[in-house]
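Q: Would you mind keeping the following structure in view while I ask a few things?
The values are calculated or read from the model by the stated rules, or taken from the named source; none is laboratory data. In this text, all values refer to a predicted model and were calculated from it rather than measured experimentally. For neighbour counting, all protein chains shown are included, and Cβ atoms are generated from backbone atoms with ideal geometry for every residue, glycine included. What goes into the accessible areas is simple: the full protein's heavy atoms, side chains included, and nothing from ligands, DNA or RNA. Shrake-Rupley method; radii C 1.70, N 1.55, O 1.52, S 1.80 Å.
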Amino acid sequence: MTADATWHPTACILCENNCGLVVQLDGRRLAKIRGDKEHPGSRGYTCNKALRLDHYQNGGERLTSPMRRNPDGTHSPVDWDTAIREIAGRLREVQQAAGGESILFYGGGGQGNHLGGAYKGSLMHAVGARYQSNALAQEKTGEAWVDAHLTGGHTAGDWERAEVALFLGKNPWQSHGVPRARTVLQQMAKDPARSMVVIDPVRTETAELADLHLQVRPGTDAWCLAALLGVVVQEGLVDEEFVARHTSGADEVLPHLAAVDVAAAADRCGVPEATIREAARLVAGATSVSTYEDLGVQHGPHATLVSYLHKLLWLLTGNFAKPGANQRHSWVAPLARTSVRTTPVTGARMLAGLVPCNLIPDEILTDHPRRFRAMWVDSANPAHSLADSQRMHEAMASLDLMVVVDVAMTETARLADYVLPAASQFEKWEATFFTTEHPHNVFQLRAPLLDPLPGTLPEAEIYSRLVREFGVAPRATERALARAGRLGRLPFTAAFLAAAAVDRRRTVGLAPTLLYDAQGPTLPDGAASASVLWGLALRVSREHRAGMRRAGHRSPSALFDAMLTERHGLVFTEDVPGDSWPYVPHADQRIPLAIPELLALLDGLPDQPASYTSEEFPFVLAAGQRRAESANTIFRTDDWRRRDREGALRLCAADAERLGLADGATARVTTSRGSAVACVELDDRLQPGMAALPNGLGLDLPGGGGGEGGGAGGTRRTGVALNALTDTAHRDPISGAPWHKHVPARIEAVAEGAGA
Ligand SMILES: Nc1nc2c(c(=O)[nH]1)N[C@H]1C(S)=C(S)[C@@H](COP(=O)(O)OP(=O)(O)OC[C@H]3O[C@@H](n4cnc5c(=O)[nH]c(N)nc54)[C@H](O)[C@@H]3O)O[C@H]1N2
Ligand SMILES: Nc1nc2c(c(=O)[nH]1)N[C@H]1C(S)=C(S)[C@@H](COP(=O)(O)OP(=O)(O)OC[C@H]3O[C@@H](n4cnc5c(=O)[nH]c(N)nc54)[C@H](O)[C@@H]3O)O[C@H]1N2
Ligand code: SF4
Ligand SMILES: [Mo]
């Protein structure tokens, strides 16, 4: 094949920023990749990883046929019709035996593929499922719950205008999250009028650029935040006017903060009291502050309490809904809901409506009548990414049915009864709903660069076929919608509303596949899977009308057209700080500051342990550091990494010397749940007593004889599979989030020739 000189617009699928890219193709190869200067969010920016994306498309072994599990655990190909028919039959069996609510739906979109996940909703409705979960339920649900209590939902920083930026357990230099992170961080560092505060036990690349680095002891952020708030209240730095005008319940909260012993709390977190006072004064004195909390605290002890204290810090200093501060924002489709129910077996709270990941095995491995009997997994790898893989494997093996939709035979797929091969993210219409930017919120519908690999299908088609096989959509409605769809968008919408008036539950429940089947064929360039965007454009015009109009879209129809045609991405809403207020769902748009359950935890802090290490496990292992060469488990090959191929175990020179470990030596890491070997890298950014392993390694890839810890037959493993080391019992009492950043561990030298 000859190379094609055209630069095709698309996006990076490796982190939530989804930087715009342009790609030159050579046959099916992504031959040249560049940042897309026309993308309104990333404006040409990328990090090192985007340029390796051909390794996603062509580097790993792809699935090219549905696979069915044999009694001996191996898989054999079956044709699509057979797979769809049998899966629908098996789902119906589970539904008849134990109810549709015994089917747990997991995943539905990683860092780049959310469009297909939207269609999963129709299958959930068809089978009568009530429970779902995804990776957010092992990181962000505690924060989402606190947000729901306070400002009503997710907030985002205004990074380009913030006078002070505060990063709490967040290293945007490596992990991004802040759009164009490295450029924005460097601009902030250079500007004498702006400052950066970083709270992190490690002297990260971000911390090195910061004006103040609060180098806490691992896991002690609750004391650090309590001390910061203590200073704000005790030194009279509260923004009284903001608090009086925009909040309620300050009377209830302030006494708890007035009572904090700042010196004692500073001592517990290991940060000099003077530095804490300086940081508190900097935040309180700034004209604007934007903040970002991430895994450093969300994967640690007291995670939900820390989220609350973090948010009180910017609320009490009036840093909401003004330029440069935190804002509520628009969404194309909201990623977190505010509902809370409890899980069927353990009765755990489901913050944001999701089953806490750490509890999934307990909800399966029991004879409780309401246990989960089946699991549906789409674009996720929970057998690898959730705590305690061994127990997760056991739970998955005990299910009556497991189906996985993925592009590759993953660790999770190997345990499934059926595996359905999806077209890759460059072979279909795709998009993400990480639309969290302020003031210009960006959305991009990506056109396929390539035809689907033979044997694969886009998720929208997979779900449509399954729902059809299930036979739940009323035929007459389908026919009426298809007729109306051919007449245009407005007749289609009228027909849809008419159907909903007759049978609201079913029409709304099946809306994604009804849209796909009836309206999809009428969309230009074969973009049938984009049909769900029509519903979302209507949603944007209802929920975010002012911002949508400011961005130049006069109607939902105009917005939908822009989504379909502007292949480099578009600003779908342009927000102004005042837009934050109408989102606040409480009486008089006042933010209720008190969360009594968390205030009680704050009061109890002085009596809580600040360390969970022991003589047996003296190190705190951060199991999942984001590095230049890590990217969840989206690349199913090792070859994309230029450096740090093995995913080194980092620790400081003093600790290494004490353990007799030189740079490059092999060490064994042991925890309450398992043990693994890794190559040592000395790194004095880490404080003594800490060690770090990178996220995303330890996949069982085809070829080779199986590494330590045993990949399945005929596989090889590079680096540590982190969740062979983690324990589901170490979790946040409120959200159930795992302590992946705080795994008590023992590290020992491995004698040459032994072990590895
Ligand atoms: N390169 C790369 N980028 C990624 C990803 C990736 O795999 N690789 N994954 C993406 C995903 S899914 C996510 S969720 C984000 C996560 O992005 P981040 O949360 O920024 O990433 P981490 O490196 O896991 O953790 C952030 C920081 O927490 C610090 N930390 C550890 N323990 C503590 C503690 O006790 N207190 C405090 N305050 N900090 C602590 C670590 O030193 C680290 O610097 O990254 C995204 N971006
Ligand atoms: N110990 C430890 N564990 C962690 C973390 C940690 O720091 N430490 N980090 C956690 C975090 S923050 C996260 S977000 C999770 C991430 O873990 P998961 O949510 O499990 O997701 P990914 O690793 O992103 O895997 C994405 C899957 O999607 C598949 N895929 C790629 N393209 C497509 C497609 O087009 N269609 C379909 N159907 N599938 C596709 C990939 O092959 C892969 O199997 O891991 C968590 N696990
Ligand atoms: S910051 Fe890097 S990994 Fe994230 S989307 Fe952009 S290029 Fe991809
Ligand atoms: Mo994540």
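Q: Mind counting the residues in segment 7-31 that are within 16 Å of ligand 4 (Cβ to nearest atom) and either assigned to a strand (DSSP E or B) or without any contact (Cβ under 8 Å) to a residue 12 or more places away in the chain (or both)? Full working, then the answer.
A: Kept after step one, since they are within 16 Å of ligand 4 (Cβ to nearest atom), are these residues of segment 7-31: 12-18.
Retained after the next criterion (residues that are either assigned to a strand (DSSP E or B) or without any contact (Cβ under 8 Å) to a residue 12 or more places away in the chain (or both)): none.
Qualifying residue count, segment 7-31: 0.
Q: What single numbered condition from (1) more than 21 Å from residue 640 (Cβ to Cβ); (2) out of contact with any helix residue (DSSP H, G or I) (no Cβ under 8 Å at 6 or more places or on another chain); (3) surrounded by fewer than 22 Cβ atoms within 10 Å (Cβ to Cβ) fails to hold for residue 725?
A: Of everything listed in (1) more than 21 Å from residue 640 (Cβ to Cβ); (2) out of contact with any helix residue (DSSP H, G or I) (no Cβ under 8 Å at 6 or more places or on another chain); (3) surrounded by fewer than 22 Cβ atoms within 10 Å (Cβ to Cβ), residue 725 misses just condition (3).
Q: Go through segment 674-716 and count every residue that is at pLDDT 95 or above, of a type in the set (D, E, K, R) and either outside the structural domain of residue 644 (by TED's automatic domain parsing) or open to solvent by 40 Å² or more (accessible area, probe 1.4 Å) (or both).
A: Selection size over segment 674-716: 3.
Q: Just name the residue that is surrounded by the most Cβ atoms within 10 Å (Cβ to Cβ) out of those in segment 37-63 that are within 25 Å of residue 456 (Cα to Cα) and touching a Pro at 6+ places or on another chain (Cβ under 6 Å).
A: 63
Q: Then there is this: From 304, 346, 342, which residue is buried (at least 24 other Cβ atoms within 10 Å of the Cβ) and either within 15 Å of ligand 1 (Cβ to nearest atom) or of a type outside the set (Asp, Glu) (or both)? First the steps, then the outcome.
A: On the way: 346 fails: buried (at least 24 other Cβ atoms within 10 Å of the Cβ); 342 fails: buried (at least 24 other Cβ atoms within 10 Å of the Cβ).
Unique residue meeting the criteria: 304.
Here is a yes/no grid of residues against (1) more than 29 Å from residue 437 (Cβ to Cβ); (2) open to solvent by 40 Å² or more (accessible area, probe 1.4 Å); (3) among the aromatic types (Phe, Trp, Tyr):
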| residue | (1), (2), (3) |
| --- | --- |
| 557 | no, no, no |
| 562 | no, no, no |
| 571 | no, no, no |
| 579 | no, no, no |
| 582 | no, yes, no |
| 599 | yes, no, no |
| 603 | yes, yes, no |
| 614 | yes, yes, no |
| 629 | no, no, no |
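Q: Please specify each residue of segment 446-482 satisfying the condition of being under 26 Å from the mean Cα position of the chain (by Cα), surrounded by fewer than 24 Cβ atoms within 10 Å (Cβ to Cβ) and touching a residue at least 60 places away in the same chain (Cβ under 8 Å).
A: Correct list: 447, 449, 456, 457, 461.
Q: Restricting the search to segment 422-455, which residues are within 12 Å of residue 41 (Cβ to Cβ) and of a type in the set (A, V, I, L, M)?
A: Hit for segment 422-455 is 442, nothing else.
Q: State yes or no: is residue 34 in a strand (DSSP E or B), within 23 Å of residue 396 (Cα to Cα) and either away from ligand 1 (no atom under 16 Å from the Cβ) or touching a residue at least 24 places away in the same chain (Cβ under 8 Å) (or both)?
A: On the way: in a strand (DSSP E or B): yes; within 23 Å of residue 396 (Cα to Cα): no; either away from ligand 1 (no atom under 16 Å from the Cβ) or touching a residue at least 24 places away in the same chain (Cβ under 8 Å) (or both): yes.
No, not satisfied.
Q: Considering every residue within segment 207-230, establish whether at least one is of a type in the set (Ser, Thr, Tyr), closer than 23 Å to residue 162 by Cα and under 31 Å from the mean Cα position of the chain (by Cα). Show your work before the answer.
A: Here is the first cut: in segment 207-230, the ones of a type in the set (Ser, Thr, Tyr) are 220.
Filter again for closer than 23 Å to residue 162 by Cα, leaving none.
No.
Q: Okay, next question. Looking only at segment 234-274, which residues are within 26 Å of residue 294 (Cβ to Cβ), aliphatic (A, V, I, L, M) and part of a helix (DSSP H, G or I)?
A: 253, 257, 262, 265, 266
Q: Let me ask something else about it. Quick check: anything in segment 81-96 open to solvent by 20 Å² or more (accessible area, probe 1.4 Å), hydrophobic (A, V, I, L, M, F, W, C) and either away from ligand 3 (no atom under 16 Å from the Cβ) or over 30 Å from residue 130 (Cβ atoms) (or both)? Step through it out loud before you land on a result.
A: Quick first cut of segment 81-96, residues open to solvent by 20 Å² or more (accessible area, probe 1.4 Å) only: 81-82, 85-86, 89-90, 92-93, 95-96.
Remaining after also requiring hydrophobic (A, V, I, L, M, F, W, C): none.
Looking through segment 81-96, none of the residues is open to solvent by 20 Å² or more (accessible area, probe 1.4 Å), hydrophobic (A, V, I, L, M, F, W, C) and either away from ligand 3 (no atom under 16 Å from the Cβ) or over 30 Å from residue 130 (Cβ atoms) (or both).
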